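**Q** Okay, here's the structure, questions in a sec.
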Amino acid sequence: QAYLARAKIIGGPTLHPTAMQNALVAAIAVTLLLSPVSAGVARSHAFTQTGTPVERVVTLLTDLKEKLEMDEKVEQKVYDKYACWCEHTTERKANAISDAQDDIRSYGQTILFLKGFIATRASEIAELEAAIKANKEAQAEATAIRSKENAEWVSETTELKEAIAALEKAVTVLVEGSKQPALLQASTAKAQIKAIILALPAKGVKPEQMALLSEFMGSDAGYAPQSMTVQGILKDMYETFTADLESATQAESTSNMNFEKFIAEKTTQLKEDEAEKLKKEGEKAEAEQRLADTQNMYDATVAQKEADIKFFDETKVACQHKHDEWTTRSSLRDEEIEGMTKALEILTSDAARELFASAIKAGKETGMDSRDTGRDITPSLLQLDNEGSPSARAYAAMKSAAKDSRSFRLAALALEVRSAKAGHFEKVIMAIDNMVGMLKKEDAADIAKRDQCKDEYLNIESTVKDLDWKVEKNVAKIDKLTKLIELREGQKARTIEQINEVEAHMKAITAERTAENAAFMAAKLEDQQAIDLLMAARDAMAKFYKKNDIAMGPIQGSVKGVFAQQEPEFSVSADQAPDAVFSDKSKRKGESKDIVSILTYIIEDLNDEIKNGMKNEEASQVDYEEQMDTAEKLREELIAKKVSLEESIAKRNEEKSAEIEDMNANQKDLDDEIAYKNSITPDCDWIIGAFEKRAAARTSETAGLSGAKDFLTGAAKA
């Protein structure tokens, strides 16, 4: 039992259920017959322990079946736990891979942006460096030119100043000499003038002037009458040199001012360029640091993604392998249990019990002879006829192999061997070699085809499962998005209802406020009209007293004592003549005053009513405006919520459309895989199913051909 169970678990050779039952029953029966059964082996069951050995076998089978069923339950839990781990792990890794793809895309975009930013900053820095270098070179060049110009100006002005001073001195001597000729006749004075003239610069002196000066200097006369001419020349030269000095000084001043302005502009530009360069270098360094960090994160994410993909693929393969292993093991166990169940049905039937009780006797049979029982239990062995000629033996070997393998080509070759003349087997041997080579090629082709089909089946199965998983994920995500869209649509509908309710409320309170205002305005108008009438009546009553200057006293706006009246005075005697004294014009001013007071009270009360109405109207308007502001804010919030929900719904719809497209693409790939599998199934199923049979037939053919070749080769050598 242990060997059979172990053979099935490790994928070893398995027996057909009937054969397995027979082998198991026989083994148990022999064990029971050869050795006594211990008292603790068989448990109480449908049969008693005092029954036949078959009944004890039934007990053992029942126990074994229960153990197998228990093993199935225990291993089912183990498999379920492993399958749960597979599902959660692959889902977790798939989500990690998806997140990594998003992160890699984001990091890649950031890297591209930073590289472009760094390249831009590097180009800008290079331009600034070139500008700074050109600026410094321009300043240095301008400084050198200015220094040279200044040196020339200093040299020129020094010479001009010296010449001007000499001319001024010479003119002074000549002027004095014209006043006192004796001075010019003195040799020392004339020599002094000549020295001054010789020291004059040639620049700025005209040729004719220089000729006169030379004549003057070469004259030996004690008094040169041309001194006046020389004096004029010297004055002219003095004015010319003075003007040249002033012009040179002005030009130097202008050049120096332009130089300082140029240097100031260049210095300002240099500072700005250096500051900008420093700023861009800082930005470039910061971007380079960000690029390095982002690149590291990108590389780490890529490495983690590749590791996750590898783990995901390995996990899928392992989970698929474990699923196949469990499916095979469970199927084999079900087959084993089914065989035992069938065996129990066979062994526990009433007819079987009666048969076993009658046929099986206690103890072991002994004293058997070699009589024929009608059952041939000896295996038949194929014996080759060693008699006859080599060609006959070769023919017999090939014929037997052709019969076993059902090979027409081998049978045809056997006939060729049979018809070959003795001693002339070279063509036959060559044909045998060719056929052996062809069989080897066929064997290699079958192996390649079988392996190719298995690989294709495996790849198709893996692809189909992966696509099934993707389609399931697509469907799940579509369902999730559909529910989310429905939820958002419901929220949107409720939001629209709330907006309508708020707008209806705003409309209602506006209508109510309008009605209240209209009622207030009508009541106010009525009160004002009543006041106008009362004031007209009061003025009409007071007109008499005002016209006749009858002072009524202060009018009180109160009705207290208004209706108090004096009792009439009656005469004391009928004979006494009544008084005929008429009342004064002011006699009834008291009653009139009371009436006016009442009118004033009513007027004041109506006026107070208007004031209170205005106060209440103002409060109602403020409350209305506050309610409208609150309602308007709520309406705006609801509209914003509605817009947000519409955007969310649109986005979810886009995601749903994309997911549907992805699902359709996956479904198309799945259909293509299934169609491809259906297209290769006939050939692949045939080659896989017939592979062993064809291999056995080729082995038989090869063996027959090898034997025949040996016979023929031996005969040819002989």
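The values are calculated or read from the model by the stated rules, or taken from the named source; none is laboratory data. Note that this is a predicted model, so its numbers are computed, not measured. Neighbour counts are summed over all protein chains in view; Cβ atoms, including those assigned to glycine, are modelled from backbone coordinates with ideal geometry. Please note that ligands, DNA and RNA were not included when accessible areas were found on the heavy atoms of the full protein model with its side chains. Shrake-Rupley method; radii C 1.70, N 1.55, O 1.52, S 1.80 Å.
**Q** Those residues that are open to solvent by less than 50 Å² (accessible area, probe 1.4 Å), within 27 Å of Gln101 (Cβ to Cβ) and either of a type outside the set (D, E, K, R) or touching a strand residue (DSSP E or B) at 6+ places or on another chain (Cβ under 6 Å) (or both), I need them from the stretch 280-306; list them, please.
**A** Listed by number, the residues that qualify are Ala287, Leu291, Ala292, Thr294, Thr301, Val302.
**Q** So, Ala122, is that one open to solvent by less than 60 Å² (accessible area, probe 1.4 Å), at pLDDT 90 or above, assigned to a helix (DSSP H, G or I) and in contact with a Lys or Arg (Cβ under 9 Å, 6 or more places away or on another chain) or not?
**A** Yes; evaluated as a whole, the condition is true for this residue.
Condition check ((1) open to solvent by 70 Å² or more (accessible area, probe 1.4 Å); (2) aromatic (Phe, Trp, Tyr); (3) touching a Leu at 6+ places or on another chain (Cβ under 6 Å)) across all residues:
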residue: Tyr601; (1), (2), (3): yes, yes, no
residue: Lys611; (1), (2), (3): yes, no, no
residue: Gln621; (1), (2), (3): no, no, no
residue: Thr630; (1), (2), (3): yes, no, no
residue: Ser657; (1), (2), (3): no, no, no
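**Q** Please state which one of Gln76, Gln109, Gln101 is touching a Lys or Arg at 6+ places or on another chain (Cβ under 8 Å) and modelled with pLDDT of 85 or more.
**A** Gln101
Yes/no matrix, rows are residues, columns are (1) in contact with a Cys (Cβ under 6 Å, 6 or more places away or on another chain); (2) under 19 Å from Ala511 (Cα atoms); (3) in contact (Cβ under 8 Å) with a residue 60 or more places away in the chain; (4) assigned to a helix (DSSP H, G or I):
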{"site": "Leu599", "(1), (2), (3), (4)": "no, no, yes, yes"}
{"site": "Asn612", "(1), (2), (3), (4)": "no, no, no, yes"}
{"site": "Arg635", "(1), (2), (3), (4)": "no, yes, yes, yes"}
{"site": "Ser657", "(1), (2), (3), (4)": "no, no, no, yes"}
{"site": "Asn666", "(1), (2), (3), (4)": "no, no, yes, yes"}
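**Q** Is it the case that some residue within the stretch 433-454 is under 41 Å from the mean Cα position of the chain (by Cα), in a helix (DSSP H, G or I) and of a type in the set (Asp, Glu)?
**A** No, there is no match, as no residue in the stretch 433-454 is under 41 Å from the mean Cα position of the chain (by Cα), in a helix (DSSP H, G or I) and of a type in the set (Asp, Glu).
**Q** Let me ask something else about it. So, Leu60, is that one without any contact (Cβ under 8 Å) to a residue 60 or more places away in the chain and more than 36 Å from the chain's Cα centre (by Cα) or not?
**A** Considered against the rule, which asks whether it is without any contact (Cβ under 8 Å) to a residue 60 or more places away in the chain and more than 36 Å from the chain's Cα centre (by Cα), Leu60 comes out as yes.
**Q** Suppose we keep only residues that are within 24 Å of Phe259 (Cα to Cα) and among the acidic types (Asp, Glu) within the stretch 138-177. Which one would you say is modelled with the highest pLDDT?
**A** Only one residue tops the list, namely Glu141.
**Q** Oh, and also: Quick check: anything in the stretch 464-473 surrounded by fewer than 16 Cβ atoms within 10 Å (Cβ to Cβ) and closer than 30 Å to Lys693 by Cα?
**A** no
**Q** Quick one: is Glu516 open to solvent by 80 Å² or more (accessible area, probe 1.4 Å), acidic (Asp, Glu) and more than 30 Å from Phe312 (Cβ to Cβ)?
**A** Answer is no for this residue.
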